[in-house]
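Each value in this text was obtained by applying a stated rule to the coordinates, not by laboratory testing. Nothing here was measured: the structure is a model prediction, and the numbers come from that model. All Cβ positions, glycine included, derive from the backbone under ideal geometry; neighbour counts span all protein chains shown.
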Amino acid sequence: MLNTLLLNEGICSVITLNEELLIASGGVRRVYRHPENPKICIKVDARKDGRGAGATLAEACLFEQLMERRNQMDFVAISNYRGRVETNFGFGAMFDLIIDEINGRPSQILMKMLENEPQLVETDRFKTALKRFRRDLVQEAVLCRDLRPWNICVQKLEDGGLRLILIDGVGHARKKWFERIKPFVQVKMHYYFFSKYIFPEKRLCEFYTKRRSRYSWKPGPLLSERLDQHDKADINL
Ligand SMILES: Nc1ncnc2c1ncn2[C@@H]1O[C@H](COP(=O)(O)OP(=O)(O)O)[C@@H](O)[C@H]1O
Ligand SMILES: [Mg+2]
């Protein structure tokens, strides 16, 4: 609403996104790098009607409520919401783009990491990151309905460590019902979602092998395999 008013006043303009800026497409959204700010990504609905239409606006509204409730305090384990924007593809929601510290490229999703290097799950650096992610997410005290591995980015840190960050699936369709539940029960439910999807680690591998067909995700040019292979070639030199 405010954006529309500002647009009419000529105060804020429409941001032009193009395929070169595409990071990835999920089941219902497309995610682009902000053309003027490489640390921000913009999510837009992939379709105007039907499945997933309106998902980006609903997510923006949810984050606006959450941020108000938290006095604008940033999340630690969830990618932070940075406001609304109008784009040539319609309504956009801005979030912190999760970037690998070692090369400044968008971080890969956990699902793809499992596909490329399944042994990662067994490493200490991954186990440490997973425990920290669970601890931080429980502390954020926001119920997250969808902790599946395509909604989690694995950020490579400068010191060789990993950080897991949730980039989608915050909130719950039956949120109203959840709000009436005592906080300690909510915490227990959070642990339940974790055990259902990703904890302990071997569940991750089962998830990857058994449910692969239900995974709808495509990398864009900014996250393509070719770049990774180029990286490997550089290392071999
Ligand atoms: N904040 C972010 N940082 C890095 N990559 C992101 C971010 N948000 C989304 N992505 C990428 O875009 C993909 C699709 O985004 P997502 O919000 O999960 O869309 P959908 O609602 O369609 O599932 C993600 O799986 C991830 O690869
Ligand atoms: Mg998703």
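For GLU86 and THR128, calculate 0.36 nm times their separation in residues minus their Cα-Cα distance, and state this gained length in nm to one decimal. Don't skip to the answer; put the middle values down first.
Details: separation 42, 0.36 × 42 = 15.12 nm, distance 3.90 nm.
Length gained between GLU86 and THR128: 11.2 nm.
At a 10 Å Cβ-Cβ cut-off, how would you order ASP159, ASP45, ASP146, fewest neighbours first?
Numbers: ASP159 8, ASP45 21, ASP146 16.
Ascending number of Cβ neighbours within 10 Å: ASP159, ASP146, ASP45.
With a 10 Å Cβ neighbour count serving as the proxy for reagent exposure, in which order, fewest first, do MET73, MET111 appear?
Details: MET73 11, MET111 21.
With the fewest neighbours first, MET73, MET111 line up as MET73, MET111.
For PHE133, PHE184, what ranking results if the residue with the fewest other Cβ atoms within 10 Å of its Cβ goes first? Could you put the intermediate results ahead of the total?
Numbers: PHE133 24, PHE184 8.
Fewest to most other Cβ atoms nearby, the residues stand as PHE184, PHE133.
Multiplying the sequence separation of VAL14 and VAL187 by 0.36 nm and subtracting their Cα-Cα distance, what value in nm do you get?
Working: separation 173, 0.36 × 173 = 62.28 nm, distance 4.07 nm.
Between VAL14 and VAL187, full extension yields an extra 58.2 nm.
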